[in-house]
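Undergrad: Before I ask anything, let me first share the structure, which is written out below as structure tokens.
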Amino acid sequence: MNSNYLEQKKNSHLCFQIGESKYAVNTGNVLEIMKLPALDYPQKLANNIVGLLKYNNFVINVVDIRFYLNIDVPPYSANNELLIVKTDEVIFGIITDKILGISSFDSTSVDPIPFVDNKMVVESLYKQDHETIFIVNIYALENLLKQHDSHYPDVDIPSLFPKDEASKMTMQLRTQAIAEKSALRLVSGELHAKNKYISFNLYDDYYCISLDYVKEVLKDTSITRVPGTPDFIEGIMNLRGDYITVINLKKFLEISNDNSQDDNKNDKNPVIIIKCNELKLALLIDKINELFDFQESDFNELSDSYYASEFIYNKTLYTVLNIDKITSDKRIIVTEM
């Protein structure tokens, strides 16, 4: 394992929004992201825990970092998103307003907070595009979860959750779907990035890419068309001064759909920025889904092609793309911009 890979893994963060602020956690500690399910709330639950969730045969705590930051907690909705994280010892959930995507942080732009201790939830700051992103110390959250004598605002937590029947039904169905998952198996020890995947759609089919190759995930991107380029090159994008070639993955892989009139009609341009063998590309997709963990022993290996393997996760068939094969294709010509 080379130093470049270790540095990339260290600096890769999942960003999310709470209120008007942006936060991030290291992707090495992320297990999964999901829409907020229905949570259990026993009467004797500590007031810094917003609920319990049965996750992969564990009962995990779910927290809202606003309680630790002395920020008012607004009512939740079925649109809130839940981030499942792990330390060396525990797994727990963090309620967010919105998952923003994955970014690779420049370590030279990370400013540690000099007075941080093991109880401070925010350990450092990162400046990106004139915005400040607060980097969360999940090990501090772990310590706070163990301290049942701590005092936090006295909030009627059950009243924060939706009361309308449609939202309650939606969240309950999500909880049932989590309970039915049988394919996801966590192992003891470190969960390496090679077992983590970001999933997405091309038309109605599900694909995924190993997090090893992922630099960033962007939900909406401005793409500039370039005349005279191959049909599968969508154009170029400017990412903080770095021009990156955007590949239309459906056209590159020659994936078609009977309802062709719906192709490329999405106003949003979600892309996954990958890096392999010093080549950086942006892959244009239809929809970004979730980040999850899956063990390689469960793969059905495919031939040496653009498709590395396939597996079934949560009753859905996923195809893993062979990024080495794609980035070494002779059709992709990279020139200096």
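Nothing in this text is a laboratory measurement; each read-out follows from the coordinates by a stated rule. These numbers were taken from a predicted model, which means no experiment stands behind them. All Cβ positions, glycine included, derive from the backbone under ideal geometry; neighbour counts span all protein chains shown.
Undergrad: Which cross-chain or sequence-distant (5 or more) residues have an amide H under 5 Å from the amide H of ASN257, H modelled 1.01 Å from N in plane?
TA: So ASN257 has HN proximity to no qualifying residue.
Undergrad: Is the shape of the stretch 3-180 best called rounded, prolate or oblate, per the rule: a/c under 1.5 gives rounded, else a/b larger than b/c gives prolate, else oblate, with a ≥ b ≥ c the square roots of the Cα gyration tensor eigenvalues? Show your work: numbers first, answer last.
TA: Numbers: a/c = 1.68, a/b = 1.49, b/c = 1.13.
Taking the square roots of the gyration eigenvalues as a ≥ b ≥ c, the stretch 3-180 is prolate.
Undergrad: Further, regarding this structure: What is the distance, in nm, between label points placed 7 Å from the Cα along the Cα-to-Cβ direction at ASN79 and at LYS127?
TA: Rounded to a tenth, the inter-label distance reads 3.2 nm.
Undergrad: Now for a different question. Using the Karplus curve 6.51 cos²θ - 1.76 cosθ + 1.60 with θ = phi - 60°, work out ³J(HN,Hα) for each residue of the stretch 107-113 in order, rounded to whole Hz, and write x for Gly and Pro.
TA: Values per residue, Gly and Pro as x: 4, 6, 9, 8, 10, x, 7 Hz.
Undergrad: Something else: Pop a pseudo-label 7 angstrom from the Cα along the beta-carbon direction at both LYS219 and ALA179 and give the gap in nm to one decimal.
TA: 2.9 nm
Undergrad: What nm value, rounded to one decimal, do you get for the distance between LEU317 and ASP88 when each label is placed 7 Å out toward the C-beta?
TA: 4.3 nm
Undergrad: Output the peptides 246-252, 108-114 sorted from most to least packed, where packing is the average of other Cβ atoms within 10 Å over each peptide's residues.
TA: Values: 246-252: 21.3, 108-114: 10.6.
Result, highest mean first: 246-252, 108-114.
Undergrad: Which residue, chosen from THR87, SER109, PRO75, occupies the Cα position most advanced towards the positive end of the dipole of the stretch 57-127, where the dipole is computed from +1 (Lys, Arg) and -1 (Asp, Glu) charges on Cβ about the Cα centre?
TA: Looking along the dipole axis, the top candidate is PRO75.
Undergrad: I'd like the FRET efficiency for GLN43 and ALA166, computed as 1/(1 + (r/R0)^6) with the beta carbon distance as r and R0 of 30 Å, rounded to 0.05. Don't skip to the answer; put the middle values down first.
TA: Values: r = 27 Å, r/R0 = 0.89.
Between GLN43 and ALA166 the formula returns 0.65.
Undergrad: Another question, if that's okay. Can you give the FRET efficiency to the nearest 0.05 for TYR139 and GLU254, using r as the Cβ-Cβ distance and R₀ = 35 Å? List each step's numbers first, then the result.
TA: Values: r = 46 Å, r/R0 = 1.33.
The value I calculate is 0.15.
Undergrad: Is any residue of the stretch 221-251 close enough, with backbone N under 18 Å, to a label point placed 7 angstrom from the Cα of LEU279 along the Cα-Cβ axis, and if so, which?
TA: 229-237, 243-251
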